[in-house]
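Below is one structure, written out as structure tokens; the observations come after it.
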Amino acid sequence: MGQPTSRPADQQTKIKYADLHLHSTFSDGTFSPEELVNLAQGKGLCCIAITDHDEVSAIAPASAAGKSCGLEVIPGVELSAEIDDCEVHILGYFIDWQASWFQQRLEKIRAVREKRIFAITEKLKSFGIDLDPEQILRQAHPGSVGRLHIARLLKEKGYVASIPEAFSSYLGNDRPCYVKKFKLTPGEAIEMIRQVNGLSVLAHPYHLSDDKITSDFVRWGIRGLEAYYPEHTPAATEHYLKLAEKNGLLVTGGSDCHGFGKDKSMLGAVKIPYQLVQALKAEVGAS
Ligand code: AMP
Ligand code: FE
Ligand code: FE
Ligand code: ZN
């Protein structure tokens, strides 16, 4: 009989793991960049990517925190785009986030997000809901503001019992208080990421048909597919791994953690093998 061991299997085989989809307090997450780094380390991860919505301010503090504790931080972003009235999210990895034109572009996009908060709170009024848009903006400051901030306030004020209810009753894409954001096509989002030397990845692809992914996104220059995602069943993940392989796409994955912004923290719910990060690095020529 072999010696029993108390070490977890991950440590015995020294497999390293990453989570490449995290939101911080600079968008609609509830963990600061430093907290994300500390919590990720606690979950046994060796690498994370910060992917705030239309915002890159968390990258510097997260990288500094990562450096001091030995956790790798990949600079990322999550851009929203629209196609046929359907919202899609494009992740960008290894971006030159300091490029001034890129930051200016994001600033414009965030300004539209701010205006949108006024439009959404106006729509909520017809349901007898009175939220102060300025309070929502203050809550999100200095990061990018979004529907999750509104959802949180709706819950806090007792208008809904949960965050999912806020979306299913009012804020969801097909619900009465939905308001569109900055108009960016997926092709423009992919190009924006390419111009800052980043790798564009289609986030949570289960929102789209395979046909759309292979005929359109590949043609527009998408470089990868987020195959590992909390909402993907093992069969769905397997499906996207095959789809990526067939279409010459890279594979990524992450928990899409919003801290406690979506009722429960997802950090560590998805861990991808570090070899996938190495494949991304080989593609962008990063060390
Ligand atoms: P926004 O960028 O303002 O359009 O808001 C998008 C955010 O809302 C993302 O973090 C989404 O994950 C979140 N979201 C969208 N639909 C839902 C939903 N049905 N339940 C919970 N969160 C959602
Ligand atoms: Fe979000
Ligand atoms: Fe997303
Ligand atoms: Zn996300």
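For the chain, the fraction of 1.4 Å probe accessible surface lying on carbon and sulfur atoms is 51 percent. Between the residues HIS239, ALA49, TYR170, the greatest Cα displacement towards the positive end of the dipole of the chain, with unit charges on the Cβ of Lys, Arg, Asp and Glu, is found for ALA49.
For ALA227, nonlocal amide neighbours, meaning residues 5 or more places apart or on other chains whose placed amide H falls under 5 Å from its own, are THR252. Restricting the calculation to Cα atoms, the stretch 20-126 yields a radius of gyration followed by a Dmax of 15.4, 51 Å. Each of the peptides 197-207, 21-31 was scored by the mean count of other Cβ atoms within 10 Å over its residues; in descending order, highest first, they stand as 21-31, 197-207. Proximity of backbone amide H atoms, modeled 1.01 Å from N, is registered between GLY76 and ILE50 at under 5 Å, excluding neighbours fewer than 5 places apart on the same chain. With all projection directions averaged, the alpha carbon convex hull of the stretch 102-162 covers 4.1 nm². For a test of the definition: using alpha carbon positions, the gyration tensor, and the 1.5 limit on a/c, classify the chain as rounded, prolate or oblate. It comes out prolate by the Cα gyration axes.
Could you state the accessible area per residue of the chain in Å², with a 1.4 Å probe and every protein chain left in place?
46 Å²
From the square roots a ≥ b ≥ c of the eigenvalues of the alpha-carbon gyration tensor of the stretch 159-241, which class results: rounded (a/c under 1.5), prolate (a/b over b/c), or oblate? Don't skip to the answer; put the middle values down first.
Numbers: a/c = 2.33, a/b = 1.40, b/c = 1.67.
Oblate, because a/c is 1.5 or more while a/b does not exceed b/c.
Normalising by the residue count of the chain, find the relative contact order in percent from Cα pairs under 8 Å and 6+ residues apart. Can you show the working numbers first?
On the way: 527 pairs, mean separation 64.3, N = 287.
RCO, the chain: 22 percent.
State to the nearest 20 debye the size of the charge dipole of the stretch 159-227 about its Cα centre, where the only charges are +1 on K and R beta carbons and -1 on D and E beta carbons. Before the final figure, lay out the partial values.
Working: 8 positive and 8 negative charges, 49 e Å.
For this selection, approximately 240 debye.
The values are calculated or read from the model by the stated rules, or taken from the named source; none is laboratory data. All figures in this text were calculated on a predicted structure; none of them were measured in a lab. Please note: Cβ atoms are built from the backbone with ideal geometry, for glycine as well, and neighbour counts cover all protein chains shown. For accessibility, only protein heavy atoms count, side chains too; no ligands or nucleic acids. Shrake-Rupley method; radii C 1.70, N 1.55, O 1.52, S 1.80 Å.
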